[in-house]
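All remarks here apply to the structure that follows.
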Amino acid sequence: MKPAAFTYHRAYDVHETIALLRELGPDAKILAGGQSLVAMMNFRLARPSALVDITRIAGLDNLDHDANGLRIGALT
């Protein structure tokens, strides 16, 4: 199957991502790799109205450990 129609948006920083999600509403989804989301869309188990691609945002692809704990980036 093919996914239902949706709009695609690429964000280049976290602030832009937040603004897009506010603008697009609750049916928009974040695309951070897409292995499970894209498969669900292909079977029409998920039908987001829009995708916000965050794969180009620097700093979301790492692990950080400090005294407060472990921080896992959204693209890790």
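The values are calculated or read from the model by the stated rules, or taken from the named source; none is laboratory data. For clarity, every value in this text was computed on a predicted model and none was experimentally measured. Side chains are part of the model used for accessible areas, which takes the heavy atoms of the whole protein and leaves out ligands, DNA and RNA. Shrake-Rupley method; radii C 1.70, N 1.55, O 1.52, S 1.80 Å.
So the values come out like this:
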read-out: Net length gained if the chain between TYR8 and ASP66 were fully extended (0.36 nm per residue, minus Cα distance); value: 17.3 nm
read-out: Average projection area in nm² (convex hull over Cα atoms of the chain, one quarter of hull surface); value: 5.6
read-out: Between 0 and 90°, nearest 10: helix 14-24 axis offset from the chain longest Cα axis; value: 30
read-out: Surface share of carbon and sulfur [accessible, 1.4 angstrom probe, percent] for the chain; value: 56
